[in-house]
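**Student:** Just dropping this structure here.
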Amino acid sequence: MSQPTFTLDDLKRILLEGSGAPEGGGLDGDAQDVLDTEFSDIGYDSLALLETASRIEREYGIDLDESVIGDATTPRAFIDAVGDHLVAPAA
Amino acid sequence: MTASVVVTGLGITAPNGLGTKDYWSATRVGKSGIGPLTRFDAAPYPAKLAGEIDGFTAEEHLPSRLLPQTDQVTRLSLVAADWALADAGVRPADLPAFDMGVITASSAGGFEFSQHELKSLWSKGGEYVSAYQSFAWFYAVNTGQISIRNGMKGPSGVVVTDQAGGLDAVAQARRQIRKGTSLVVAGAVDALLCSWGWVGLHTSGRLSTADDPGRAYLPFDERAAGHVPGEGGALLILEAADAARARGARVYGEIAGYAATFDGREPGLRKAIELALTDADLAPSDVDVVFADAAAEPELDRIEAETLVEVFGHRGVPVTAPKTMTGRLYAGAAALDLATAFLAMGEGLIPPTVHTDPADHYGLDLVGTEARPAELRTALVLARGHGGFNSAMVVRS
């Protein structure tokens, strides 16, 4: 079985599904730029991240710590945090 | 001497017209928006008619980010606020954030959104409930979203007094302007035409169970047997008269008087009217038209008609109920009546009361199915809320 992965495209898809597209096209830029842009600058607030985390938990069958939402303020940090849970699933 | 507060913008979402132009062109000719309920299968319910807003596509008016977090009522409210601001020629981004407030009334909050999330909760589990449920259900959500979208950080709030709320919110806005806030978005939109909302509405025991839209909502008629619910309402831009004049704004008219009472041993409607007239420094003979609450419930119709005869005399003032074309919009209804009063004064035309054949014994000069041309300087708008709320507002052109 292939290792489940969580990429920027996965994050974008779930953000758009759960919270809509930010005004100003903040998700559309160069991937390396988007990865290191603060969510608040992209156009997503803490509630959008809460909704996103909830959808990721459902889809991937994982439990994200509440701290992920508070600490991961950029897409890169968020993706890394989700990745950590994917490689070390609760047994 | 208290500062005069005027209305400089209108935003209307109604079952018989979306936007002020469509609404007024329908209303002045008696075009009704009441019809069979289509949002869900109403066959199992006693009441089957509603005033639904057709042709409203939120995606055409609002950014994508707002759609997953808003109920129909909030979407309508946001669009009505946008239209009202545009109508007033106001660009919120150009004004200091703390000089602008938002005060709305709400009867139910975001019911359809909540129904969806509660269904997810009980059928799939708590992890399937949207994070946005945390506020999307709430009575204050329309105020909050309008405030955020337009960067308005001044005095804001929500009033929950059923139908009377539409006037109470505008009165609260007037207070805040008199205390120094430059501009307030005020009024109400309600919308709960989902099956959960429909069940809730039935508990009032006041819904019409008629099948014929022409015989369903007949205030002051011998056949009156309840009302048809509708969705929509109006938001108004209120400003101090001096400030509006200084910026050269078009002024619809003034919020000249207001009072609210609560039913006790006696109905409080008469007291509300008398206090509102006193507040406006006007006599009953100064009132050119009354927009009635028009409950279409025999006892409530009797109280309203007797009150109007006591204050204004037998057939002493023209009375109309354009809400016979929209159904009762709860808090939205009184705000829409206020907006309609300004449009009526602007044109010199009292909009009709459709379908009703008024009973003679009520002693009312009810404007019938044809609009009536009249010089209108002063209008009185009445609204009663379930449980004993009475509000009266006097507006002047």
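The values are calculated or read from the model by the stated rules, or taken from the named source; none is laboratory data. Keep in mind that what you see is a predicted model, and the values were worked out from it rather than measured. All Cβ positions, glycine included, derive from the backbone under ideal geometry; neighbour counts span all protein chains shown.
**Student:** With the condition kept exactly as written, say whether any residue in the stretch B:150-162 is polar (S, T, N, Q) and part of a helix (DSSP H, G or I). Reasoning before the result, please.
**Tutor:** Quick first cut of the stretch B:150-162, residues polar (S, T, N, Q) only: B:150, B:156, B:161.
Adding the requirement that they be part of a helix (DSSP H, G or I) leaves B:150.
Checked the stretch B:150-162: at least one residue is polar (S, T, N, Q) and part of a helix (DSSP H, G or I).
**Student:** Quick one: in the stretch A:58-70, of everything that is in a helix (DSSP H, G or I) and at pLDDT below 90, which residue is nearest to the other protein chains (Cβ to nearest Cβ)? First the steps, then the outcome.
**Tutor:** Going residue by residue through the stretch A:58-70, those that are in a helix (DSSP H, G or I) are A:58-60, A:66-70.
Applying the additional criterion that residues be at pLDDT below 90 yields A:66-70.
On the way: A:66: 13, A:67: 17, A:68: 14, A:69: 10, A:70: 14 Å.
Within the stretch A:58-70, the match that is nearest to the other protein chains (Cβ to nearest Cβ) is A:69.
**Student:** Any chance you could count how many residues in the stretch B:153-187 are more than 19 Å from residue B:261 (Cα to Cα) and among the β-branched types (Val, Ile, Thr)?
**Tutor:** Residues in the stretch B:153-187 being more than 19 Å from residue B:261 (Cα to Cα) and among the β-branched types (Val, Ile, Thr): 4 in total.
**Student:** Moving on to the next point. With (1) hydrophobic (A, V, I, L, M, F, W, C); (2) farther than 26 Å from residue B:124 by Cβ; (3) surrounded by 16 or more Cβ atoms within 10 Å (Cβ to Cβ) as the list, and residue A:11 as the residue in question, which single condition is left unmet?
**Tutor:** Tallying (1) hydrophobic (A, V, I, L, M, F, W, C); (2) farther than 26 Å from residue B:124 by Cβ; (3) surrounded by 16 or more Cβ atoms within 10 Å (Cβ to Cβ), residue A:11 fails exactly one: (2).
**Student:** For the structure I just gave you, tell me whether residue B:266 is closer than 23 Å to residue B:168 by Cβ and modelled with pLDDT under 95. First the steps, then the outcome.
**Tutor:** On the way: closer than 23 Å to residue B:168 by Cβ: yes; modelled with pLDDT under 95: yes.
Spelling it out, residue B:266 is indeed closer than 23 Å to residue B:168 by Cβ and modelled with pLDDT under 95.
**Student:** Inspect all residues belonging to the stretch B:170-192 and state whether any of them is closer than 30 Å to residue B:356 by Cα, of a type outside the set (Asp, Glu) and out of contact with any helix residue (DSSP H, G or I) (no Cβ under 8 Å at 6 or more places or on another chain).
**Tutor:** Within the stretch B:170-192 (the criterion being closer than 30 Å to residue B:356 by Cα, of a type outside the set (Asp, Glu) and out of contact with any helix residue (DSSP H, G or I) (no Cβ under 8 Å at 6 or more places or on another chain)), the answer is no, since none of the residues qualifies.
**Student:** Given (1) crowded, with 23+ Cβ neighbours inside 10 Å; (2) among the aliphatic types (A, V, I, L, M); (3) assigned to a strand (DSSP E or B), where does residue B:259 come up short, assuming only one miss?
**Tutor:** The number of the failed condition is (1).
**Student:** Select from the stretch A:8-48 the residues that are of a type in the set (D, E, K, R) and facing chain B (nearest Cβ under 10 Å) and list them in ascending order. Step through it out loud before you land on a result.
**Tutor:** Of the residues in the stretch A:8-48, the ones of a type in the set (D, E, K, R) are A:9-10, A:12-13, A:17, A:23, A:28, A:30, A:33, A:36, A:38, A:41, A:45.
Result: A:17, A:23, A:45.
**Student:** Output the residues belonging to the stretch B:117-143 that are more than 14 Å from chain A (Cβ to nearest Cβ), part of a helix (DSSP H, G or I) and either closer than 30 Å to residue B:169 by Cβ or of a type in the set (Phe, Trp, Tyr) (or both).
**Tutor:** Answer for the stretch B:117-143, where residues must be more than 14 Å from chain A (Cβ to nearest Cβ), part of a helix (DSSP H, G or I) and either closer than 30 Å to residue B:169 by Cβ or of a type in the set (Phe, Trp, Tyr) (or both): B:118, B:122, B:142, B:143.
Conditions tested, residue by residue: (1) free of Cβ contacts under 8 Å to residues at least 60 places away in the same chain; (2) crowded, with 22+ Cβ neighbours inside 10 Å; (3) of a type in the set (Ser, Thr, Tyr); (4) under 27 Å from residue B:161 (Cα atoms).
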site	(1), (2), (3), (4)
B:80	no, yes, no, yes
B:84	no, yes, no, yes
B:92	no, no, no, no
B:102	no, yes, no, yes
B:106	no, yes, yes, yes
B:117	yes, no, no, yes
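**Student:** Residue B:56: more than 19 Å from the chain's Cα centre (by Cα), assigned by TED's automatic domain parsing to the domain that holds residue B:171 and either β-branched (Val, Ile, Thr) or in a loop (DSSP other than H, G, I, E, B) (or both), yes or no?
**Tutor:** Numbers: more than 19 Å from the chain's Cα centre (by Cα): no; assigned by TED's automatic domain parsing to the domain that holds residue B:171: yes; either β-branched (Val, Ile, Thr) or in a loop (DSSP other than H, G, I, E, B) (or both): yes.
Considered against the rule, which asks whether it is more than 19 Å from the chain's Cα centre (by Cα), assigned by TED's automatic domain parsing to the domain that holds residue B:171 and either β-branched (Val, Ile, Thr) or in a loop (DSSP other than H, G, I, E, B) (or both), residue B:56 comes out as no.
**Student:** Name the residue that is surrounded by the most Cβ atoms within 10 Å (Cβ to Cβ), counting only residues in the stretch B:151-169 that are more than 14 Å from every other protein chain (Cβ to nearest Cβ) and more than 30 Å from residue B:295 (Cβ to Cβ). Walk me through how you get there before you give the answer.
**Tutor:** Within the stretch B:151-169, the first condition is being more than 14 Å from every other protein chain (Cβ to nearest Cβ), and the residues that meet it are B:152-169.
This time we only want the ones that are more than 30 Å from residue B:295 (Cβ to Cβ), so: B:152-156.
Numbers: B:152: 25, B:153: 15, B:154: 21, B:155: 19, B:156: 22.
Residue satisfying both the conditions and the ranking: B:152.
**Student:** List the pairs whose first member sits in the stretch B:242-269 and is closer than 22 Å to residue B:396 by Cβ, whose second member is of a type in the set (Phe, Trp, Tyr) and modelled with pLDDT of 95 or more, and whose Cβ atoms are under 6 Å apart, counting only residues at least 6 apart or on separate chains?
**Tutor:** B:252/B:342; B:253/B:342
**Student:** Still on this structure, I have one more. Here are A:55, A:76: which of them is facing chain B (nearest Cβ under 10 Å) and in contact (Cβ under 8 Å) with a residue 24 or more places away in the chain? Before the answer, list the steps.
**Tutor:** Working: A:76 fails: facing chain B (nearest Cβ under 10 Å).
Answer to the check: A:55.
Residues are listed down the side, and each one gets a yes or a no for (1) within 23 Å of residue B:120 (Cα to Cα); (2) assigned to a loop (DSSP other than H, G, I, E, B):
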| residue | (1), (2) |
| --- | --- |
| A:9 | no, no |
| A:15 | yes, no |
| A:18 | yes, no |
| A:27 | no, yes |
| A:41 | no, no |
| A:47 | yes, no |
| A:52 | yes, no |
